[in-house]
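Visitor: If you scroll down you'll find the structure; I have some questions about it.
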Amino acid sequence: MIAIIDYDAGNIKSVEKALQKLGQEVCITRDPKLLLNAEKVILPGVGAFGDAMSHLNAYGLVEIIREIVDKKTPFLGICLGLQLLFERSDEAPGVEGLGILEGEILRIPDQEGLKIPHMCWNCLTLQHDGRLFRGLSQDPYVYFVHSFYLKAKEEQIVKAVTRYGVQIHASVEKDNVFACQFHPEKSSDTGLCILKNFAGI
């Protein structure tokens, strides 16, 4: 069973539907017992970094997430879920992220001709043999919706990058922790392949 963490963030149902399309058993929950017993766990989300951390703390989910990761359960962060895994964000100065991975979330800099938020299909450059991207072409297109981007501290954990004014660390993987800034659930067959790869880990 794949558990999707319910912390009042947007875009949770679309992740559920994509996984069900792949034939996966899915549960949306914030119940600690269900989350800790799940075979895999996903932290999706669309929204603001500060509000999201406030909700995770209010529901007692911060320590549960750390426990899940420590148990080596495969864990996937999507969009805001990726950002929350890191230490801090320009979007919410002074608010601590989960700090499971090292790095920071920065605002995409303003540039002439560049619309923010970044809302479009972008090509990924794959690197470092990421398990989420097995079976995909070298330059797959995926769908992004975000105004802030990841700059990871450890280059080796970055499995895909893209450019939108700056280089964006679009996907990371370290041990049992995976994350995508883009939305696999909205990225057509490519995204379904990524989710299928995660489900098969």
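The values are calculated or read from the model by the stated rules, or taken from the named source; none is laboratory data. Small disclaimer: the values here were computed from a predicted structure and weren't measured. No Cβ is skipped: glycine too gets one built from the backbone with ideal geometry, and neighbour counts run over all protein chains shown. Side chains are part of the model used for accessible areas, which takes the heavy atoms of the whole protein and leaves out ligands, DNA and RNA. Shrake-Rupley method; radii C 1.70, N 1.55, O 1.52, S 1.80 Å.
Visitor: For segment 152-201, which residues satisfy the criterion of being in contact with a Pro (Cβ under 7 Å, 6 or more places away or on another chain), open to solvent by less than 10 Å² (accessible area, probe 1.4 Å) and aliphatic (A, V, I, L, M)?
Guide: Listed by number, the residues that qualify are 194, 195.
Visitor: When residue 101 is evaluated against the numbered criteria (1) more than 21 Å from residue 16 (Cα to Cα); (2) surrounded by fewer than 19 Cβ atoms within 10 Å (Cβ to Cβ), which criterion, by number, is the only one it fails?
Guide: (2)
Visitor: Quickly run through segment 45-72 and pick out the residues that are touching a residue at least 60 places away in the same chain (Cβ under 8 Å), touching a strand residue (DSSP E or B) at 6+ places or on another chain (Cβ under 6 Å) and open to solvent by less than 40 Å² (accessible area, probe 1.4 Å). Please lay out each step first, then the result.
Guide: We begin by selecting, within segment 45-72, every residue touching a residue at least 60 places away in the same chain (Cβ under 8 Å); these are 46, 49, 65, 69, 72.
If we keep only those that are touching a strand residue (DSSP E or B) at 6+ places or on another chain (Cβ under 6 Å) as well, we get 46, 49, 69.
If the condition is that a residue be touching a residue at least 60 places away in the same chain (Cβ under 8 Å), touching a strand residue (DSSP E or B) at 6+ places or on another chain (Cβ under 6 Å) and open to solvent by less than 40 Å² (accessible area, probe 1.4 Å), then 49, 69 are the ones that fit.
Visitor: Looking at 88, 30, which is the one that is under 21 Å from residue 151 (Cβ atoms), open to solvent by 10 Å² or more (accessible area, probe 1.4 Å) and of a type in the set (D, E, K, R)? I'd like the intermediate steps shown before the answer.
Guide: Numbers: 30 fails: under 21 Å from residue 151 (Cβ atoms).
Only one candidate passes the filter, namely 88.
Visitor: Restricting to strands (runs of 3 or more DSSP E) lying wholly in segment 117-168: which have 2 or more residues that are more than 20 Å from residue 11 (Cα to Cα), modelled with pLDDT of 95 or more and not aliphatic (A, V, I, L, M)?
Guide: On the way: elements: 118-123, 141-146, 148-152, 158-164.
In segment 117-168, 158-164 are the strands (runs of 3 or more DSSP E) which contain 2 or more residues that are more than 20 Å from residue 11 (Cα to Cα), modelled with pLDDT of 95 or more and not aliphatic (A, V, I, L, M).
Visitor: Checking residue 114 against (1) farther than 20 Å from residue 10 by Cβ; (2) open to solvent by 10 Å² or more (accessible area, probe 1.4 Å); (3) not in a loop (DSSP other than H, G, I, E, B), only one condition comes out false. Which one?
Guide: (3)
Visitor: Identify all residues within segment 131-146 that are closer than 18 Å to residue 116 by Cβ and open to solvent by 30 Å² or more (accessible area, probe 1.4 Å); write none if there are none.
Guide: 143, 145
Yes or no, residue by residue, for (1) hydroxyl-bearing (Ser, Thr, Tyr); (2) over 22 Å from residue 189 (Cα atoms):
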| residue | (1), (2) |
| --- | --- |
| 2 | no, no |
| 11 | no, no |
| 14 | yes, no |
| 17 | no, no |
| 26 | no, no |
| 32 | no, yes |
| 45 | no, no |
| 59 | yes, yes |
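Visitor: Then there is this: Determine whether segment 6-27 contains at least one residue that is among the hydroxyl-bearing types (Ser, Thr, Tyr), more than 16 Å from residue 83 (Cα to Cα) and without any contact (Cβ under 8 Å) to a residue 40 or more places away in the chain.
Guide: No: zero hits.
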